[in-house]
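Reading through the structure tokens given below for one structure.
The values are calculated or read from the model by the stated rules, or taken from the named source; none is laboratory data. Predicted, not measured: the structure shown is a model, and the values here were computed from it. Please note: Cβ atoms are built from the backbone with ideal geometry, for glycine as well, and neighbour counts cover all protein chains shown. Ligands, DNA and RNA are excluded from the accessible area calculation, which covers all protein heavy atoms including side chains. Shrake-Rupley method; radii C 1.70, N 1.55, O 1.52, S 1.80 Å.
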Amino acid sequence: MAKSNVSRRDMLKMSLVGAGALALGAVNAEATVSAKDVKFDEEWDVVIIGSGFAGLAAGIKASERGNKVLILEKMGRVGGNSVVNGGIFAVPGSELQKKNGVKDSKEIFIADCVKAGLGLNHVELLEVLADRAVDTFNFTVKHGAKYLDKLILEGGHSVPRTYYTENTSGSGIVQPLVESFKKSDGCELRTRTKFDDFVTDESGRVVGVTVRENYKFDKDLFSDDRENKGGDKKIIKAKKGVILASGGFCSDKFFRKLQDPRAVPEFDTTNHPGATAGALISAFKAGALPVQVGWIQYIPYKCPDEKGNGITSKFAAQASFRYGFSVDPKTGKRYMNELADRKIRADAMFKIIDAKANSYPINLCDSVAAAKLVPSDLENPMNSGVIKKFDTLEELAAFYKIPAGELTKTAERYNGFVASGIDKDFGKPMKLTDGITVSKPPFYAMRGAPKLHHTMGGVKINTKAQVLNIDDEPIAGLYAAGEVTGGTHGASRLGSCAILDCLTFGMIAGENI
Ligand code: ADP
């Protein structure tokens, strides 16, 4: 069996030469396990790595075509980031848009994505998303997902096109898909089973995987703890091929910092602990073409006073950023368009945050804005103390040590922009504020911070979800979908496009394999 460990030294080498160069040198059979050297313990038609949106959609589609499908999940629980996702799903051209008279089109959707992605997007993949969006949405409904009957306007989208799952969480899609998949004949979802390496035949086709069962994930080891030998080794044949759906690497404190040095280990992420780079590295080593691995998205509506995803996002995104504003506590002034895309907002926040001095922006709104929320989205974070209530703006300023008087001046100026419909300072689209100002007490506020959220880069796929090699040719037997793929979103993914992307290319991988 060929040596395939990625050691800390390999990783350092990668930081010096860049992942692309490593893969260039690593398109070789030595990085995979040769089928002729091994005896398979099990045989399936299709093996899928990862049980998030992408893996589940792929699994259902592949099983609908009569395949025996095995989904591998290294963690003890199913669903990766998808199950803790906020449950927002962009569907350009949806029935609900038509019902509400919202004019949308493939062109508008792509233009929005390309604007946020700074023109780096692989547009042929976005075209597939636009073409399949309604079909993907219907697929989830058919399998039992339920949605609220209203569309929301996510930052960076030019029209409301985003559904919310009924339980406002990705679990509203993951759970029904898991149930559906488990009912499929001859299919299995196996947790605590970690994929390590690809098995290839003499022609270079991917024909299986090596795994470890009864695997115990250890978050303190880097990049999928390849040096942790825990678990029982098994070699599994995949007669029709393997679908890589292993997600992103925001929780990989080592690999992510190589790609984006701002992502220091102390920096928090919204991701589940298993969002590490091991499977991605195996794909690179096997010859998959890396694209845009250094683009990491930070989500701007998070809070430094709670761990991980937390429970303040709805307040920040839906109340304070939309109907209120965010200020730098050092000046009491606004510093960004609160409804710009995620990247613009996160970059603006980074500029004013002084983590050493524990100084973070303050996101606030008034009682009219707060009343727009589902009550529990305000009450729960208030009970846990991360959102505070104040009778006056002066009290709010005093609590957060904002210069006296500056905050009230900022509010007056902002309220003038609401009245005139034009934000002269940062170009916030004031028509989206529905005329709501920051004036009716009580006022609500929280500290804000961007957190690592999504890794835009990954392996290159074509529109059939086949993984391409450095020569732009499909690697036989290897498909990929979801966050492990790169290019679709360019420099920055628009909010609510992850579900669309992961499910759509998951479906396509499952259809084509
Ligand atoms: P996506 O949204 O792209 O579907 P998710 O993060 O929701 O991604 O799901 C990816 C899943 O893949 C996670 O549950 C993660 O634990 C799992 N995973 C990652 N690496 C491996 C691996 N080496 N073996 C098995 N499962 C893996």
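Things worth noting here:
- Considering residues of region 363-398 that are β-branched (Val, Ile, Thr) and in contact with a Pro (Cβ under 9 Å, 6 or more places away or on another chain) only, the residue most open to solvent (accessible area, probe 1.4 Å): THR392
- Inter-residue pairs, beta-carbon under 6 Å, first open to solvent by 40 Å² or more (accessible area, probe 1.4 Å) and in region 419-438, second at pLDDT below 95 and not in a loop (DSSP other than H, G, I, E, B), 6+ apart: none
- Among the residues of region 226-256, those identified as assigned to a loop (DSSP other than H, G, I, E, B), modelled with pLDDT under 95 and closer than 19 Å to ASN271 by Cα are SER251, ASP252, LYS253, PHE254.
- Selection over region 156-191 of residues that are outside any helix (DSSP H, G or I), modelled with pLDDT of 95 or more and among the charged types (D, E, K, R) gives a count of 4.
- Single residue of TYR298, TYR335 found to be hydroxyl-bearing (Ser, Thr, Tyr) and surrounded by 22 or more Cβ atoms within 10 Å (Cβ to Cβ): TYR298
- Of all residues making up region 158-203, the number that are surrounded by fewer than 23 Cβ atoms within 10 Å (Cβ to Cβ) and aliphatic (A, V, I, L, M): 3
- Complete set of residues in region 136-189 that are of a type in the set (D, E, K, R) and farther than 24 Å from ASP45 by Cα: LYS142, LYS146, ASP149, LYS150, GLU154, ARG161, GLU166
- Test: GLY80 is within 16 Å of the ligand (Cβ to nearest atom), part of a loop (DSSP other than H, G, I, E, B) and modelled with pLDDT of 95 or more: yes
- No other residue among PHE53, PHE89 is more than 9 Å from the ligand (Cβ to nearest atom), under 25 Å from HIS453 (Cβ atoms) and buried (at least 24 other Cβ atoms within 10 Å of the Cβ) apart from PHE89.
- Exclusive hit being in the same structural domain as ALA111 (by the TED database) and over 25 Å from the mean Cα position of the chain (by Cα), set ASP501, ASP471, ASP434: ASP471
- For region 59-73, a residue qualifies if it is within 8 Å of the ligand (Cβ to nearest atom) and either open to solvent by 30 Å² or more (accessible area, probe 1.4 Å) or among the acidic types (Asp, Glu) (or both), and exactly one does: GLU73.
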